[in-house]
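As structure tokens, the structure follows; a few thoughts come after it.
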Amino acid sequence: VAAAADDGGVYEIDADLLAELDPDCVITQGICDVCAVDRVLVADVIEELGLDAEVVTTDPHSLSDLYDDVHRIGAALGEDAAAADLVADLRSRVEAVRQRTAAIDDRPRVAVFDWMDPVMLAGHWMPEIVAAAGGRYDLVAAGERSTPWEWADIREYDPEVAIAAPCGFDLDQTREHASELTDRPGWSDLSAVADGRVHAMDGHNYVNRPGPRLSDTLEHLAGLLHPDAFDAPPSDVAGPLASPQRIE
């Protein structure tokens with residue numbers, strides 16, 4: 001990735017295909033230049049091709065930002081009413097979970113890892129989602145970007161529920177890389193490990209990408225944090241983080 005970035009970027013745009021499509025609207029993102037093509041490259045190519053296309057850039061850091069993006073995309077596509085209906089549905093689902101978890105006193109300390117080496121805690125919308133799901137997320141404030149953390153700080157925080165959801169990884173890939181967490185010193189001493197509350201989650205589809213599916217993420221996360229009050233997530237969304245056998 002670093003080498004590709006030095007050569008001018010991680011991604012390339014098929015300019016010939018884009019010119020052939022001649023779009024009226026191009027939707028891009030500004031939240032991460034590594035996760036997807038960056039907005040500057042998109043704007044440059046559109047200008048070079050002389051396309052008359054509206055560029056809508058999404059850069060959300062909260063659920064409110066997500067709702068605003070849905071409205072902006074709907075307006076750009078001439079689908080304001082459909083966007084309003086979608087946002088209303090998303091808000092309703094989020095509020096329904098919030099109301100149910102508001103009555104739950106036990107709010108476990110949660111750590112959601114969106115990278116495992118180095119250790120990074122998921123930021124942006126995830127602190128808000130964890131809180132709505134009935135958990136505590138004390139190390140990252142709502143809206144803050146995902147950043148690396150010292151493992152010693154994670155051990156001191158001592159999460160009661162740990163969720164591995166690396167950016168771009170599905171469940172199988174997450175489990176293949178589980179040792180990046182489980183081989184760290186003091187891993188077995190964490191409350192989440194001792195209590196059997198360590199999970200893998202499909203980060204690519206449910207944690208790292210800010211879209212309407214985040215309402216699903218909230219409902220699934222509530223099932224992990226409060227299994228007595230919410231349905232467990234489907235097995236292709238989340239499940240135990242299988243720890244590789246260690247060699248002592």
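Rounded to the nearest 20 debye, what is the charge dipole size of region 2-99 about its Cα centre when +1 sits on each Lys and Arg Cβ and -1 on each Asp and Glu Cβ?
Charge dipole of region 2-99: 780 debye, to the nearest 20.
Counting just the Cα atoms, what span does the chain cover along each of its three principal axes? Round to the nearest Å and put the largest first.
60, 45, 29
With all distinct Cα pairs included, what does the Kirkwood hydrodynamic radius of region 108-240 come out to in Å, to one decimal, could you say?
After inverting the pairwise mean of 1/r, the radius is 14.3 Å.
Express the Stokes-Einstein translational diffusion coefficient of region 1-134 in µm² s⁻¹, to the nearest whole number, given a Kirkwood radius over alpha-carbon pairs, 37 °C and a viscosity of 0.692 mPa s.
It diffuses with D of about 185 µm²/s by this estimate.
Taking H as built 1.01 Å from N, whose amide H comes closer than 5 Å to the amide H of Glu54, not counting residues under 5 places away?
Cys25, Val26
Using +1 on the beta carbon of Lys and Arg, -1 on that of Asp and Glu, and nothing else charged, what's the dipole of region 108-240 about the Cα centre, debye to 20?
On the way: 9 positive and 23 negative charges, 44 e Å.
Computed about the Cα centre, the dipole is about 220 debye.
Points 7 angstrom from Cα along the Cβ direction at Asp117 and Ile73: gap in nanometres?
According to this spin-label approximation, the distance is 3.4 nm.
Using the crude model of +1 on Lys and Arg Cβ and -1 on Asp and Glu Cβ, and no other charge, please compute the dipole size for the chain relative to its Cα centre, in debye to 20.
Dipole about the Cα centre, nearest 20: 1300 debye.
So what's the angle, to the nearest 10 degrees on a 0 to 90 scale, between helix 80-101 and the longest Cα principal axis of the chain?
Helix 80-101 sits roughly 10 degrees off the main axis of the chain.
Values in this text are rule-based calculations from the coordinates and carry no lab data. What you see is a predicted model, and the numbers here were worked out from it, not measured in a lab. All Cβ positions, even for glycine, are placed from backbone atoms using ideal geometry, and neighbour counts span all protein chains on display.
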